[in-house]
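Every number here is computed from the coordinates shown, using simple stated rules; none is lab data. Keep in mind the model is a prediction, meaning the values are calculated, not measured. Cβ coordinates were reconstructed from backbone atoms using ideal geometry, including for glycine residues, and neighbour counts include every protein chain displayed.
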Amino acid sequence: MQLKQIASHLKARLDPPDAEADITAVAAIESACPGEITFIANPRYAAAAKTTRASAIIVDENFPAVGTPLLRTRNPQLAYARAVGLFHRAPQYPEGVHPAAVIHPSARIGKRASIAAGVVIEADVTIGEHCTLLPYVVIYRDVKIGNNFFAHSHVSIREKSEIGNNVLLHNGVVIGSDGFGFAKDDDGRWLKIQQSGKVIIEDDVEIQANSCIDRASLGETRIRRGTKIDNLVQVGHNCIIGENSMLCAQVGLAGSTELGRNVILAGQVGVAGHCSIGDNAVATAQSGIPNSVDAGKLVSGYPAIDNKQWLRSVAVFNRLPELARAIRKLAGEDAK
């Protein structure tokens, strides 16, 4: 594909406008070869633009000229995502039901389904059109799923869960497993609290490998439209995740946590139960959140506090040995 065609697809400005190259793939900036296009979204890679062998680079509007043709855009990362789509096509799976799949007669499955070997679909399940279920997907009874559903191998969807349109579940995802609820009896033994609620996943949600969304003890656990959940994330019972939020790897939400819209929790963030996190809040990696967070806040550390305050605190922490020596010295002089 010619550079001018790519620029048109990406709505990017080609610099210089008469640059020509035949592009066959997208590659990382360090490994790109002639005939490939790369991108820079993070300023730390700016120096690599001078040494890359790529035939063109997707950059922001103000990136300096480097001798290699540039595709200038306001959002290089978004343009990169669209460029990958021009050259990479996801595997296509043939329509039909494999003879080694087990489907209950009461299940209702829409047109253009692709159902692989080892899939199990229990009673009274409803699935919309154009679903793809890869090997060993298990769907319990009374589950409702919309159109364009895609489940990679070993996905498990427990009873009464509800899933919207255009939902993608990666390998090993578990939807609707029991919430972690126990009560101690008079003899000090743990009695299981039956988890009688369900999980509702709205449209355009993607959940990546080995993440678990627990059913509600009563009522519902809900993942709202457009949310993206990374690998190894735990969402406890009765949590509500707002629209277009992002939960990165190893995030853990205790029960009855409520996230607003456009919340970002970076890797290994933990949130205590019954907390509320407001719209557009961000928690940096490994933050521990024991209390509610206001909308728009950027928080860090444990217990999570304002990010700027946390950075100042870390700077002081790194000087503690020096400060301790100074205090001991002063104390010794006072003793004299």
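Take the residue pairs 160/228; 160/192; 11/228; 4/111 and return only those whose Cα atoms are more than 28 Å apart. Distance filter (> 28 Å) returns 4/111. For segment 207-222, 3J(HN,Hα) computed residue by residue from phi via the Karplus equation (6.51, -1.76, 1.60; θ = phi - 60°) reads 10, 8, 4, 6, 9, 10, 10, 7, 5, 6, 5, 9, x, 8, 9, 10 Hz, glycine and proline entered as x. Here residue 144 is the anchor, and the aspartates and glutamates within straight C-alpha reach of less than 15 Å, apart from those fewer than 8 places off in the same chain, are 122, 124, 129, 159, 162, 202, 203, 220. Taking Cα centroids, how far is segment 76-95 from segment 148-172 in Å? One Cα centre to the other: 21 Å. Over the C-alpha trace of the chain, radius of gyration and Dmax come out as 25.5, 91 angstrom. Comparing 113, 83, 249 in a Gaussian network model of the chain, where Cα atoms under 10 Å apart are tied by springs, the biggest mean-square fluctuation is seen for 83. Distance distribution note for segment 192-233: the fraction of Cα pairs above 16 angstrom is 42%. Mean projected area of the convex hull spanned by the Cα atoms of segment 155-309, taken over all viewing directions: 8.9 nm².
For the chain, what is the percent of antiparallel DSSP beta bridges, rounded to the nearest 5?
Numbers: 9 of 76 bridges.
Counting DSSP beta bridges with both partners in the chain, the antiparallel share is about 10 percent.
If you take every DSSP beta bridge fully contained in segment 155-309, what fraction is antiparallel? Give it as a percent rounded to 5.
Working: 5 of 43 bridges.
So the antiparallel bridges amount to about 10 percent of the total.
Segment 3-87 has equivalent-ellipsoid semi-axes of 16, 14, 13 Å, by the square roots of 5 times the alpha carbon gyration tensor eigenvalues, sorted largest first. Of all aspartates and glutamates in the structure, the ones whose alpha carbon falls short of 14 Å from that of residue 297, not counting any fewer than 8 places away in one chain, are 279, 306. Inter-label distance, residue 65 to residue 13: 1.3 nm, where each label sits 7 Å from its Cα along the C-beta direction. A straight Cα-to-Cα reach below 16 Å connects residue 50 with the aspartates and glutamates 15, 30, 36, 60, residues fewer than 8 places away in its own chain not being considered. Using a Gaussian network model of the chain in which every pair of alpha carbons under 10 angstrom is joined by a spring, one finds that among 206, 258, 30 the greatest mean-square fluctuation is at 30. Ordering 245, 153 by the number of other Cβ atoms within 10 Å of each residue's own Cβ, fewest first, gives 153, 245. Over the residues of the chain, the helix contribution to mean residue ellipticity at 222 nm works out to -4500 deg cm²/dmol, using -39500 (n - 2.57) for each DSSP H run of at least 4.
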